Amino acid sequence: MKALMPAVVNYAREPFSVELREVPVPQIGEDDVLLKVGAVSVCGSDLHQWKGSASWAVNYPCILGHEFCGTVAECGARVKAFKPGDRVVSETAAVIDETSPYSRRGLYNLDPSRRGFGYGVDGAMTHYARVPQRCLHRLPDSLSFVKAALTEPCCVAYNAVCMNARVRPGDNVLVIGPGPIGLLCAVMAKLSGAGHLIVAGLPADARRFLAARALGADETLDSGVADFIKNLGDGLGVDVVIDAAGHSSTLQLAMQAVRPAGQIVKVGWGPQPMNFSLDPAVQKNVTIQGSFSHNWPIWERVISMIASGQINLDPVIGRVGALAEWRECFEAMQSGEFVKTVITPNGD
């Protein structure tokens, strides 16, 4: 009989079809490691699957969790770069076509066949996870698992702001959506030299605004964004807008706020129909840039930035809980009580 372990399983499309179940410890292949999970961060996409509002295909039943790190417990026969006991963090692209044109260019995050942990294959809200060795990065001993678990959202933000945006020192930058990705985008904008950094959200985001201020935001707005920007500088708009909200309507606000020849980077998912015209983007000669996921060199850089303290995660991490407390961690994020919660399945 296979050994069993507890896991947070999303077992159906219907809302709140998530529960703690006993599942087999995974068998690994020749190119995999068996990872003893040290910490797994709760993502907004985990909440969407919990609520039954995911706009992407999920392979039910599936163990949740794609922002994770831990210790190598066992190695497949062809794994040479890692050994049991190594501290590592995992990327999210669990399945890719390594022969695709995008994978060959190092842009496997854009490979159409890509499937991620936590929805395409089993994730890490459990004791042990099967992980391909190509997904792994070494962690310095000084970096805690709790902070290392946030490497993935930091990489999303780095890709959006430092790779796909063109923030220059002194630029005025607006971040729409003070969720975890939006706040981390604000961090990246500040590190890139943003002159005046504005984070916009809703009245319900009061606690997130406190984190935004702690992370370097100059202004936090729950309304009146367009009017505020008309009184900023020359009144023509901000240089860059980072749209990190999970609703399509915020793109309209982004077009109002951006200055002529400015840039909008959309990193937030919004599956709803827009129902408004894109003509202002044409009239202003605006660049609208999408940003999705991340790749190997971004991970290496971000790990170093977190370990050195250049990326400060203290205002972001609100609660660390055991695997049995997964529901409380989900609810605390959903309510806005905390920006980010982290689960430590093995109590490490």
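The values are calculated or read from the model by the stated rules, or taken from the named source; none is laboratory data. Given the structure is predicted, the values throughout are model-derived calculations rather than measurements. Positions of Cβ are generated from backbone atoms using ideal geometry, with glycine treated the same way; all protein chains shown enter the neighbour counts.
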**Prompt:** Which one of these is crowded, with 21+ Cβ neighbours inside 10 Å, touching an Asp or Glu at 6+ places or on another chain (Cβ under 6 Å) and farther than 24 Å from Thr151 by Cα: Gly262, Gly268?
**Reply:** Gly262
**Message:** Quick check on Gly237: is it of a type outside the set (Asp, Glu) and on the phi > 0 side of the Ramachandran plot?
**Reply:** yes
**Item:** Filtered residues of segment 218-251 (kept if surrounded by fewer than 16 Cβ atoms within 10 Å (Cβ to Cβ) and polar (S, T, N, Q))
**Value:** Ser223, Asn231, Ser249
**Request:** Would you mind finding the one in Ala261, Ala332, Ala322, Ala245 that is free of Cβ contacts under 8 Å to residues at least 40 places away in the same chain, among the small types (Gly, Ala, Ser) and touching a strand residue (DSSP E or B) at 6+ places or on another chain (Cβ under 6 Å)?
**Result:** Ala332
**Request:** Might you let me know whether segment 114-126 holds any residue that is under 24 Å from Val40 (Cα atoms), surrounded by fewer than 20 Cβ atoms within 10 Å (Cβ to Cβ), touching a residue at least 40 places away in the same chain (Cβ under 8 Å) and of a type in the set (Asp, Glu)?
**Result:** no
**Asked** Just checking, how many residues over segment 311-348 are within 14 Å of Leu20 (Cα to Cα) and within 16 Å of the chain's Cα centre (by Cα)?
**Response** 2
**Request:** Would you check if Val282 is on the phi < 0 side of the Ramachandran plot, touching a residue at least 12 places away in the same chain (Cβ under 8 Å) and either buried (at least 16 other Cβ atoms within 10 Å of the Cβ) or not acidic (Asp, Glu) (or both)?
**Result:** no
**Item:** Every residue from segment 8-28 that is within 26 Å of Arg134 (Cβ to Cβ) and either loosely packed, with under 13 Cβ neighbours inside 10 Å or not assigned by TED's automatic domain parsing to the domain that holds Glu328 (or both)
**Value:** Pro24, Gln27
**Request:** All but one of (1) part of a helix (DSSP H, G or I); (2) basic (Lys, Arg); (3) closer than 25 Å to Ala200 by Cβ hold for Arg327, so report the exception by its number.
**Result:** (3)
**Asked** Which residue pairs have Cβ atoms under 6 Å apart, sit 6 or more places apart or on different chains, and have a first residue in segment 54-73 that is assigned by TED's automatic domain parsing to the domain that holds Val42 and within 15 Å of Ile343 (Cα to Cα) and a second that is polar (S, T, N, Q) and assigned to a loop (DSSP other than H, G, I, E, B)?
**Response** His66/Thr92
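Per-residue answers, yes or no, for (1) at pLDDT 95 or above; (2) in contact with a Gly (Cβ under 8 Å, 6 or more places away or on another chain); (3) outside any loop (DSSP other than H, G, I, E, B); (4) within 20 Å of Pro180 (Cα to Cα):
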{"site": "Gln252", "(1), (2), (3), (4)": "yes, no, yes, no"}
{"site": "Pro260", "(1), (2), (3), (4)": "yes, yes, yes, no"}
{"site": "Trp269", "(1), (2), (3), (4)": "no, yes, no, yes"}
{"site": "Pro273", "(1), (2), (3), (4)": "no, no, no, no"}
{"site": "Ile288", "(1), (2), (3), (4)": "yes, no, yes, no"}
{"site": "Phe292", "(1), (2), (3), (4)": "yes, no, no, yes"}
**Message:** Quick check on Gly318: is it assigned by TED's automatic domain parsing to the domain that holds Gln49, under 28 Å from Ala194 (Cβ atoms), small (Gly, Ala, Ser) and outside any helix (DSSP H, G or I)?
**Reply:** yes
**Considering residues of segment 202-217 that are within 21 Å of His247 (Cα to Cα) and surrounded by fewer than 17 Cβ atoms within 10 Å (Cβ to Cβ) only, the residue farthest from the chain's Cα centre (by Cα)** = Pro203
**Complete:** Checked Val146, Val167, Val199, Val161 against criteria (within 16 Å of the chain's Cα centre (by Cα) and crowded, with 21+ Cβ neighbours inside 10 Å); the one match is Val161
